[in-house]
Every structure is written in structure tokens, then in C-alpha cells.
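> Attaching a single structure in C-alpha cells format; questions to follow.
The values are calculated or read from the model by the stated rules, or taken from the named source; none is laboratory data. Predicted model only: the values in this text are computed from it and were never measured. Counting neighbours? That spans all protein chains shown, and the Cβs are built from the backbone with ideal geometry, glycine included.
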Amino acid sequence: MTKRKYVRVEIVKESIAKIHIHRAEAKNALNEQLVGELEQVIRQLEKEAHIVCVIIVGNKNTFIAGADIKEMASASVTDAYQYASKMKALHNLITFSKKPYVAAISGYCLGGGLELALACDMRIADETSKLGLPEITLGIIPGAGGIHRLAEIVGISFATQMVMTGEVLDATTAKEWKIVNSISSNVEKSALSIAKSIQSKSSYAITAVKKLLNERHGKQSELILENEIHNFASLFAYPDAFEGMSAFIEKRQPIFQKGG
């Protein structure tokens, strides 16, 4: 495959692909280039008939810490809509792929990182993992399907708690809430064990199972996801979004306006 700056692909056991994300200098934050490279890689893997399962990993301390706030801080409503649409398209590639995807999570898995993990079929976390959708602390909301996918997994009440408070969960709580399948001291090894089990099965049967399980993402879900993007983008018309992101960059507490 083509050499890329932030994404590396490793083929294991001939038919299992590992997508390594390595933008360590920014805690693997999702900037435009990284999102583009992930899209290219996933599209390419979809064409590789011999690949039966894909694992996504970050580094030891961070899976993905979220979107690149510095890149988003000056975004317009249109920019925000385009960004969220690109993320939704990336997630759809994973959701509607014929191949199962496993997120192997270590360290921070926040915001856009958790949204990406929620688009995967399974999630394995280690004891250092911190999972959350803290966008509310920036004056915005998750915009690429995270609210909808989270609510499907944990229910409306827990999703409301997470999204409205920006609460970050440890691995034990994330497992209790069924956000992750299991906790492992070696997430890559555990993810590979799952992939090997899938590898031994009929690829036609695996594809059928994935298709059936993801039929929930029908027309109604697409409308909900599109509405999430619109609501996300609309918040960039208000000063709280820029105050929240500026405060994050400047490492201070935001001062949000009251009322509306």
C-alpha cells in the first residue's frame, strides 16, 4: 500500500489487517489528513478479498483523543458540516463493510475517537482506557453519529448522562455500560484472538451476520445521523463553540453565555 504519514497497515496471519494510527505528537487527534488516510486505507482493504477482519489500534497511551481542536477552532457552520459529513462517511465505510472491525483501545478514546470506535463491530479496552464524548465542555456536541450509536448501546438515560456532562468513563464502567466487549491487559493480542476465530469461519456467513446486525442503520437511522450533523454544525454559529475551543487550546476554563 501507499506510504502514508499517520496510518500504517500491517497484515497478520495473511488475512487479518491491523490499521495502526500514529499521530503521537497530537495524541492521535483526527485532523483532515488523518481522516483522509483512514478513508483511503479502509477503501483499499475493502477491495482485498483475502482480508477477513480488520483491527484498528492507536498507541500505548492513546487510541484517538478526539478531533483536532486547533483545526476546528476557526470553522464556520459550513466547515463544521463538511467535517462531520466526512466523519460520517468514514464510519459508514466501517459499518457497511463486509469485514468485521475490532477497535483495540488503550488510553484516551474521546470525542471523535469514541465515535470511530462505536462504528466498529467490537471494542476491546485495557485498564488505562478513558472513554467519553466530552464535546459539551467545548460548547458543541458529537456530530458524526456518536450520540445515536451510543444511545443504541447504553440506552437513552446513560447516553444523556455521558453527552450532557461530558463524563469520561474508565474501562470498568465502560464494560458495565456495554460500550466495550471486554477488558484486556493486551488489547492487540485479544483483538487478534477474536480476528483469528473469525478467520476460521466462512467469510460468506460472517458477511451475512454483519449485514443483518447492521440493518438497524436503515433509512430512519440515516435521517437521525444526518440530523445529528446538522445540529453539530449549527452550534458553530454561536460564540460558545469558539469560546469552548479557544479555552481548550489556551488550557483555561470556558466562560459560556447563559440563556438562548
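> Output the number of the condition that residue 109 fails; it satisfies all remaining conditions of (1) modelled with pLDDT under 90; (2) surrounded by 15 or more Cβ atoms within 10 Å (Cβ to Cβ).
(1)
> Which condition from (1) out of contact with any helix residue (DSSP H, G or I) (no Cβ under 9 Å at 6 or more places or on another chain); (2) crowded, with 24+ Cβ neighbours inside 10 Å is the one that residue 104 breaks?
Of the numbered conditions (1) out of contact with any helix residue (DSSP H, G or I) (no Cβ under 9 Å at 6 or more places or on another chain); (2) crowded, with 24+ Cβ neighbours inside 10 Å, the odd one out for residue 104 is (1).
> Right, another one. Picking from 56, 64, 124, which residue would you name as being in contact with a Ser or Thr (Cβ under 6 Å, 6 or more places away or on another chain), crowded, with 23+ Cβ neighbours inside 10 Å, at pLDDT 95 or above and β-branched (Val, Ile, Thr)?
Working: 56 fails: in contact with a Ser or Thr (Cβ under 6 Å, 6 or more places away or on another chain); 64 fails: in contact with a Ser or Thr (Cβ under 6 Å, 6 or more places away or on another chain).
Exactly one residue qualifies, and that residue is 124.
> Continuing with the same structure: Which one of 144, 117, 171, 159 is touching an Asp or Glu at 6+ places or on another chain (Cβ under 6 Å) and modelled with pLDDT of 95 or more?
That would be 171, the only listed residue that is touching an Asp or Glu at 6+ places or on another chain (Cβ under 6 Å) and modelled with pLDDT of 95 or more.
> Follow-up question, since we're still on this one. How about the stretch 57-71: which of its residues are under 17 Å from the mean Cα position of the chain (by Cα) and not in a loop (DSSP other than H, G, I, E, B)?
Across the stretch 57-71, the qualifying residues are 57, 62, 63, 64, 67, 69.
> Right, something else. Report, by residue number, each residue of the stretch 205-240 that is among the aromatic types (Phe, Trp, Tyr) and either at pLDDT below 90 or surrounded by fewer than 17 Cβ atoms within 10 Å (Cβ to Cβ) (or both). Even if it seems obvious, please write down each step before you answer.
Step one: of the stretch 205-240, the residues among the aromatic types (Phe, Trp, Tyr) are 232, 236, 238.
Selection gives 238 alone.
> Please enumerate the residues belonging to the stretch 248-260 that are free of Cβ contacts under 8 Å to residues at least 40 places away in the same chain and either within 16 Å of residue 79 (Cα to Cα) or part of a helix (DSSP H, G or I) (or both).
Residues of the stretch 248-260 that are free of Cβ contacts under 8 Å to residues at least 40 places away in the same chain, as a first pass: 250-253, 255, 257-260.
The one that is free of Cβ contacts under 8 Å to residues at least 40 places away in the same chain and either within 16 Å of residue 79 (Cα to Cα) or part of a helix (DSSP H, G or I) (or both): 250.
> Let me ask something else about it. Residue by residue through the stretch 158-179, note down the ones that are crowded, with 19+ Cβ neighbours inside 10 Å and either of a type in the set (Gly, Ala, Ser) or touching a His at 6+ places or on another chain (Cβ under 7 Å) (or both).
The answer is 159, 171, 174.
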